[in-house]
Amino acid sequence: MYRQLKKIYKRPEVYSRYTAETLWTQPHLANQMLQVHLDQDSALASRPAEAIDRVVAWIDQSFELDGKSVCDLGCGPGLYASRFAERGAIVLGMDFSKNSIDYALDHAISNNGSIRFQLGNYLTDPLPEQQDLVTLIYCDLCPLSPVQRETLLAKIRQALAPDGKFIFDVFSTKAFEAVQEGVSFGRNFMEGFWSENDYFAFQGTFRYEKETVSLDHYSIIEPQHSWEIYNWLQYFTPDKIRAELEQAGFGTIEFTEGFDVNPSDESTFGVVAGV
Ligand SMILES: C[S@@+](CC[C@H](N)C(=O)[O-])C[C@H]1O[C@@H](n2cnc3c(N)ncnc32)[C@H](O)[C@@H]1O
């Protein structure tokens, strides 16, 4: 028992495993994540409708969505994609969660086929070409390792039209300051979030100071098997994201205030990168 607990609580090597696909696509978890995504009182997977409206209005005002091609990566249930289409954009939403894509398809407004949803992994599947705008919203660059970010940024750079823009947000180092290491556990921990079966789960939160990375590590112990989820988050300074964008070949880089409901919240900031 002591050895098992020691293993569960051991600090993993930074970026030692990537489990995002399990979190978003394993059938029980995909359902849970979709519920969380649509829950207006939860900020775990998306922002409340009011904040999404505000972000979309800002993008429209800044980049005139009408007639523009927009690729929304990690579109989830299409909360941004459908609003872009309502404002006249020709939209492709991509996500690797079938559950979310099915929801997006069921709820998309049908305006002359100007919105499409594609089940795909943006790290490994081809992206469309000549896009006026590519969006990656709700800090979705942050769970990726440096190698994965390098791959994705190069693909996005390639997907943009000559005057195209990549619009996204990231967690700031201000948000890292608030991360506290700790352990929690329980039977059917997080109200049955992790499984329909009876289970015990442990959550360990770790800080990686040098890398400004945090990890929420979940160990789920079911009657027949045990499994783990690793939720990494990279926190950025403007200089750090600028360096990664320049490395990927982006020429213009501008920062905006965060996309949150409360503009004075400094836990995230927005970035607009051009070719
Ligand atoms: C935090 S949610 C944000 C969703 C949406 N942008 C929003 O703000 O409402 C992240 C989404 O990205 C998707 N996702 C994560 N990694 C992905 C990948 N490698 N390829 C495609 N989709 C991915 C997840 O399935 C999930 O729907």
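Only the coordinates and a few stated rules stand behind these numbers; no lab work does. Just so it is clear, the model here is predicted, and its values are computed rather than measured. FYI the Cβ positions are ideal-geometry reconstructions off the backbone, even for glycines, and counts take in every protein chain you see.
Against the chain, whose longest principal axis comes from its Cα atoms, helix 27-38 is set at around 60 degrees.
If packing is taken as the average number of other Cβ atoms within 10 Å across a peptide's residues, how do 134-142, 221-229 rank, most packed first? Write down the numbers at each step before the final one.
Details: 134-142: 22.6, 221-229: 12.9.
Order by mean packing, descending: 134-142, 221-229.
By the rule of a C-alpha distance below 14 Å, with chain neighbours fewer than 8 residues away ignored, the aspartates and glutamates paired with LYS240 are GLU150, ASP169, GLU211, GLU254.
Using only Cα positions of region 187-235, each an equal point scatterer, no hydration layer, compute I(q)/I(0) via Debye at q = 0.12, 0.30 Å⁻¹ and quote the log10 values to two decimals. After summing over all Cα pairs, the log10 values are -0.31, -1.06. Spatial offset of region 211-275 relative to region 69-102 amounts to 20 Å, using the alpha carbon center of each.
Note that the chain carries a Kirkwood radius of 19.6 Å, evaluated over its alpha carbons pair by pair.
Descending by average beta-carbon neighbour count within 10 Å, the peptides 80-86, 239-245, 11-17 line up as 80-86, 239-245, 11-17, the highest first.
List the pairs from LYS7/LYS98; LYS98/LYS174; LYS68/LYS155; LYS10/LYS210 whose alpha-carbon separation is above 24 Å, in the order I gave them. Distance filter (> 24 Å) returns LYS7/LYS98; LYS98/LYS174. Let a ≥ b ≥ c be the square roots of the eigenvalues of the Cα gyration tensor of region 69-202; is it rounded (a/c under 1.5), or, if not, prolate (a/b larger than b/c) or oblate? Note, shape of region 69-202 comes out oblate.
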